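Values in this text are rule-based calculations from the coordinates and carry no lab data. Since the structure is predicted, the reported quantities are computational estimates derived from the model, not experimental observations. Here Cβ is always computed from backbone atoms with ideal geometry, including for glycine, and neighbour counts include all displayed protein chains.
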Amino acid sequence: MLHVILLSGGSGKRLWPLSNDMYSKQFIRLFRLEDGTYESMMMRAYRGLLSAGADRITIATEKNQVSAIRRQLGEEPDLCVEPCRRDTFPAIALAAARIKERGGSGSDPVIICPVDAYVEEEYYTALLELGRTAADPGVRLALMGIEPTEPSDKFGYILPEGAGDTCRASAFFEKPDPAKAASLIRSGALWNSGAFAFRLEYILEKSRELLGTAEYTELEAGYESLPRISFDYAVAEAEKDIRVTRFRGVWKDIGTWSSLTEVLEAPVIGPALTDDCENVSVINHLSIPLVCMGIKDTVVCASPDGILISGKEASAGLKAVAESLEREPRYAEQQWGAFEVLAADTNSLTRQITMQPGNRIRYHAHRWRDESWFVTAGTGEVLIDGERRQAGPGSVFSFPRGTRHRMLALEELILIEVQMGDCFNPDDRQFFPEDDAAV
């Protein structure tokens, strides 16, 4: 059995204002499909792996990304959710232990793949071949190397012993400075793509060595006390037996607006116009028009979270600026649909919620706030303290704090939610099973 662990994390600052803490860059739907719809990097990677023939896919992620993953991929992939952030090695060890707990064999090959690179379809086939290389008992660790296009200090480097498609690696270097990177490239080094493979027993052995256990329940229970360890530093740099597979096709790390705009099919997405512009990319997720005139080498992006106007090269420094804003996300996708914050102040929060047919907001109550729903489109069924009511355009429902309530969308449903109180933290919600409700 060949397993794939997709790594999905990130704070969502580098592609602000489209990404945020609840909606990281891998969930942004920017890649146009033949039917005119758009898919995200997460959807693209999952689809590519399935098409290539992956047997089992586990997504290693964090709590605030679960709803977006379920919204975009459904219930099919297995999720391994970190109790808190602990860097790549603990996340990989936890996911590997989960695979073992769910019946994985120690000899099974496991492929680790970051979800946020832009690649062509052939990459996923190459990934599965990497896993088959790692299945060989004589191979401890197999890495995917990328032909470098510049001496970048954003990546680790792998120095292969030959020029073949798969060969031994003589050395591994973690993010050298540009001068060292240029020297490595002259020596034939490859970028480390962050994708690698090993047999399941290998990572479980490393987990016991570095974390003290390889049991899923023990790792999960003690996760907050685990050290923050990068897989590259803890494992790859220390491993003496590494094979590297050379990938010669398209691979781009989408870490900045400049790199993202290089792979977008159209310079304008959303209600926007450009006039007398050169090398300008515009993405508008608002309903109002956006017009750009007489500018060049610029990215312009508008969303409920804010408006960005930046030189493309300058956008590489966006993360530090976005972190200084310290503002709660105003847009996110959830398992049941999506929400957008329309207005917020100290004692009130107003959101527009769009629910997909057949989905529901779970049965819950609030301890520190009152809530009202105003249905503007679609139909649904509301459950209020055990009583079921029909919802349609014009319906209004009020829920004083402590009132149990949920909404089931029978068709696409849009409602305005107004919260009044002292606390709008998600932890204010208390969930209940629906079978407690009267029929």
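Quick notes
- Along each principal axis, taking the top coordinate minus the bottom one, the Cα set of the range 230-281 gives 57, 24, 18 Å in descending order.
- Gain on full stretching of the segment that runs from Ala266 to Ala343 - 0.36 nm per residue minus C-alpha separation: 24.6 nm
- Reference-scaled alpha-carbon Rg (2.2 N^0.38 Å with N residues) for the chain: 1.07
- Farthest positive-ward along the chain dipole, Cα basis, beta-carbon charges - from Ile158, Phe424, Tyr363: Ile158
- Where Cα atoms sit under 16 Å apart: lysine pairs in the chain separated by 8 or more or lying on different chains: 13
- Here the gap between Glu381 and Glu220, fully extended at 0.36 nm per residue and compared with their Cα-Cα distance, gives a gain of 54.2 nm.
- For the listed peptides 234-245, 93-104, a ranking on the average number of other beta carbons within 10 Å per residue, highest first, reads 93-104, 234-245.
- Rh (Kirkwood; distinct C-alpha pairs) - the range 298-337, Å: 11.8 Å
- Alpha-carbon geometry of the range 255-405: the Rg and the Dmax are 20.1, 60 Å, given in that order.
- One way to sum up the overall shape of the range 336-436 is the equivalent ellipsoid from its Cα gyration tensor, whose semi-axes run 20, 17, 11 Å, largest first.
- Cα gyration tensor shape of the range 257-323, rounded if a/c is under 1.5, else prolate or oblate by comparing a/b with b/c: oblate
- Cα point-scatterer Debye curve for the range 3-253, base-10 log of I(q)/I(0) at q = 0.09, 0.10, 0.11, 0.16 Å⁻¹: -0.37, -0.47, -0.57, -1.26
- A straight line joining the Cα centroids of the range 36-69 and the range 326-347 runs 23 Å.
- Given R0 = 22 Å, the distance between the Cβ atoms of Leu286 and Val396 translates into a calculated FRET efficiency of 0.25.
- About its Cα centre, the range 336-436 has a charge dipole of approximately 60 debye under the convention of +1 per Lys or Arg Cβ and -1 per Asp or Glu Cβ, with nothing else charged.
- The calculated FRET efficiency for Cys84 paired with Asp165, based on their beta-carbon distance and R0 = 56 Å, is about 0.90.
- Estimated inter-spin distance, Thr213 and Arg248, nm [label 7 Å along Cα→Cβ]: 4.8 nm
- When DSSP beta bridges are restricted to pairs lying wholly in the chain, around 70% turn out antiparallel.
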